[in-house]
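The values are calculated or read from the model by the stated rules, or taken from the named source; none is laboratory data. Because the structure is predicted, anything quoted here is derived from the model rather than measured. Ideal geometry is used to build each Cβ from the backbone, glycine not excepted, and the neighbour counts take in all protein chains shown.
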Amino acid sequence: MPARMGFKEGDLILEVGRTSDCDENLRQQISAITKSQFLDSDSQEVVDGVIIWWREDDGDLVDELMDALTYLSETGPIWVLTPKVGRAGHVEPSDIQDAAPTAGLTQTSSLSIAPDWSATRLVARKAGKR
């Protein structure tokens, strides 16, 4: 399933919000694709993608998305991973849909990424053509 996230070998991925409830199998599969370790917010690297593990009580999603954008390359996606319905910390899809445009992002897809986690792909909105 991580192949559907669009990561490729050599991609640098920033990971935010990792705790003991994160899906370790998914993390290992992504690392196997990129052949690199995840970076954390202490890194100063420009990254090819961001994974945000996000739960209902994690705070302000807009702020988190804005922070993630400071690290992200122009074309990289932000994947917001949230607990599925019925799981502790579940986030309503509308919460992500509401936060994305405020942060200058557009939602492009959602998928079931792991047994307990859903993934929503966000990308920077394209500047208008002149």
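Assorted remarks:
- Within region 35-66, being among the aliphatic types (A, V, I, L, M) and within 21 Å of Lys8 (Cα to Cα) holds for Leu39, Val46, Val47, Val50, Ile51, Ile52.
- Only one of the numbered conditions (1) under 16 Å from Ser118 (Cβ atoms); (2) crowded, with 20+ Cβ neighbours inside 10 Å; (3) among the charged types (D, E, K, R) is violated by Asp21, and that is (2).
- Within the set Arg87, Arg55, Arg18, the sole residue that is in a loop (DSSP other than H, G, I, E, B), farther than 19 Å from Arg125 by Cα, of a type in the set (D, E, K, R) and in contact with a Phe, Trp or Tyr (Cβ under 6 Å, 6 or more places away or on another chain) turns out to be Arg18.
- Considering (1) among the hydrophobic types (A, V, I, L, M, F, W, C); (2) out of contact with any helix residue (DSSP H, G or I) (no Cβ under 8 Å at 6 or more places or on another chain); (3) in contact (Cβ under 8 Å) with a residue 24 or more places away in the chain, the lone condition that Ile33 does not fulfil carries the number (2).
- Residue list for region 105-119, filter: under 10 Å from Pro77 (Cβ atoms) and of a type in the set (Ser, Thr, Tyr): Thr108, Ser109
- Among the residues listed as Ala32, Ala99, the single one being assigned to a helix (DSSP H, G or I), of a type outside the set (Lys, Arg), modelled with pLDDT of 95 or more and over 15 Å from the mean Cα position of the chain (by Cα): Ala32
- If you filter region 27-79 down to residues that are within 17 Å of Thr108 (Cα to Cα) and among the acidic types (Asp, Glu), you find that the one that is surrounded by the fewest Cβ atoms within 10 Å (Cβ to Cβ) is Glu74.
- Positions within region 80-130 being free of Cβ contacts under 8 Å to residues at least 24 places away in the same chain, touching a helix residue (DSSP H, G or I) at 6+ places or on another chain (Cβ under 8 Å) and either small (Gly, Ala, Ser) or crowded, with 16+ Cβ neighbours inside 10 Å (or both), in sequence order: Gln107, Ser110
- Which numbered condition Asp63 misses (of (1) more than 21 Å from Ser20 (Cα to Cα); (2) in a helix (DSSP H, G or I); (3) within 13 Å of the chain's Cα centre (by Cα)): (3)
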